[in-house]
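The values are calculated or read from the model by the stated rules, or taken from the named source; none is laboratory data. Since the structure is predicted, the reported quantities are computational estimates derived from the model, not experimental observations. Heads up, the Cβs are rebuilt from the backbone with ideal geometry, glycines too, and the neighbour counts pull from every protein chain shown. Heavy atoms of the whole protein, side chains included, go into the accessibility calculation; ligands, DNA and RNA do not. Shrake-Rupley method; radii C 1.70, N 1.55, O 1.52, S 1.80 Å.
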Amino acid sequence: MPPPRKPRIVLQGLGAVLALAVTLGAMTYDDYRVYRVRTGANEITQTHVVQPGQAITLKHISWKASVEAVPSLPDGKKAGPGTTYMKIVITRAAADQEGTVKTAKPGKMRLEDRLGRSWAIEVGDDAVRGDKLEIGRPYPITAFARVPAAQAQEVELVLRPSNYRSDVPTEKLTTTHTDPDDVELRFKR
Amino acid sequence: MTATQERSAPTRRSRRAARGRAGSRTLSAIAGLALVAAAVAVQTLGLTPNDRGAPISTTGSLGEDVDTGRFTVRVDKVAAARTVETLSAEPVATEQLFVVVTASATSAKEPLKLGQPRLITPDGVSYEATDKIPATNTLANPWVQPGFWVSGFFVFEVPASAVQGSKVAFGLPKSALVEPFEPEVEVDLGLDEAKAAQLTSAPQDVYPLKKS
């Protein structure tokens, strides 16, 4: 008795189509995930909005910031046509004993306009020396950015505090559980 | 029962059938081998993961704003030189030819940096930008940001024969985690026979990398 041929061919065909769909689907999903990770879209973020001139205390650190347009960089360099240099001062202070080891600069700093476009910030100086903060003492970070002149009055500072702790020994860096890196601060102007 | 009877008392017809079966078995084996060989051959045509996720190029020509959606690049000028003077006024020489590409770039939404570009000849040979010139002297150094253009240089060290018909591909910097289908700008430098000959026969003695 020859096997019934037709139904099997249909079944095999369906199987092939399904296998192709699953393969292409899996590859596309993987590509999309890599894209999300690479562009930072995958980060879990809780945004805290800080009103102008106000400070916010978060995870043992008190944060304050100012953003202003400046005519030139400290070395006298002027911004190109249609653009403005911005001076950013971010002041952080340890709010308690736990905060004294949070010495690292913010992991990510950007200036953002209302449309969501963003500009890079380059740190000029960080007042933190060594690996310990004094409780209550303000440590300013002085940084600069270049933005289009039209956006100079509206750009807001967005920063992501680092979860680095200076009291974790190097050999335990990969095994120590630190705070999750999931908070962003947005300073209103 | 019928089968055993056939085997115990083979007739002329069933013997011929047996011979036919053996023949078809050989044929099937050959067909099977051929299929296996074909499958192996087809495998070699398969794309590597890198090829499969290769950048998506937006093409354009000299002097044109080429927009990938994430960033825009424009090639302003192409020059050739024997010696390039770096920003720290240090001369760097070559026995081949330096192709100096002046380009401008801007970004759509986020600050980003360009990677070192590649120069691609019509036969598909590609050259990385030279590492004789420090990357800090090139357009890979400044932030490329929304709302304004930044300009700078990229320098290639190539044999004179690579100049004619060449294109330059600009992309993002290399990273450990390779994003599939990255944006890329491919600019045809517009070097036909006459222009290529002009560049290669009379390169500048010294090309200073200075902002104009």
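Tabulated results
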item: Order of exposure, largest accessible area first, which applies to A:V123, A:V49 with probe 1.4 Å; result: A:V49, A:V123
item: Accessible-area ranking of A:H177, A:H48, largest first, probe 1.4 Å; result: A:H177, A:H48
item: Of A:K87/B:K167; A:K64/B:K113; A:K77/B:K167; B:K77/B:K113, pairs whose Cα-Cα distance is over 32 Å; result: A:K87/B:K167; A:K77/B:K167
item: Accessible surface of B:F153 - all protein chains present, 1.4 Å probe, nearest 10 Å²; result: 20
item: In segment B:154-212, the GluC sites (Glu not before Pro) that fall in loop regions by DSSP, at most 14 other Cβ within 10 Å; result: none
item: Positive minus negative residues near A:V89 (Lys, Arg vs Asp, Glu; Cβ under 14 Å); result: +1
item: Segment B:105-212: trypsin sites (Lys or Arg not before Pro) in DSSP coil with no more than 10 other Cβ atoms inside 10 Å; result: B:K174, B:K210, B:K211
item: Base-10 log of normalised Debye intensity for segment A:38-189 (one unit scatterer per alpha-carbon) at q = 0.10, 0.12 Å⁻¹; result: -0.38, -0.54
item: Relative packing of peptides A:19-28, A:124-133, B:62-71 - highest average C-beta neighbours within 10 Å first; result: B:62-71, A:124-133, A:19-28
item: Electrostatic dipole magnitude of segment A:1-90 [Cβ: Lys, Arg +1; Asp, Glu -1; Cα centre; debye, to 20]; result: 340
item: Qualifying lysines (Cα of each under 19 Å from Cα of A:K59; at least 8 residues distant if same chain); result: A:K102, A:K105, A:K108, A:K132
item: Isotropically averaged projected area of segment B:89-212, using the convex hull of Cα atoms (one quarter of hull area), nm²; result: 8.7
item: Dimensions in Å of the protein assembly as shown - Rg and Dmax from alpha carbons; result: 31.9, 110
item: Relative contact order (%) - criterion: Cα under 8 Å, at least six apart; region: segment A:74-189; result: 33
item: Total formal charge among the other residues, if their Cβ is under 12 angstrom from that of A:D167, Lys/Arg +1 and Asp/Glu -1; result: +2
item: B:I56 accessible area, assembled protein chains, probe 1.4 Å, Å²; result: 100
item: Degrees separating the helix A:5-38 axis from the principal Cα axis of chain A, which is the longest one; result: 10
item: Karplus-derived 3J(HN,Hα), 6.51/-1.76/1.60, for each residue of segment B:188-205, Hz, glycine and proline x; result: 7, 6, x, 8, 6, 3, 5, 5, 4, 4, 4, 5, 6, 7, 10, x, 5, 5
item: Test item: A:111-122 mean partner chain Cβ contacts at 10 Å; result: 4
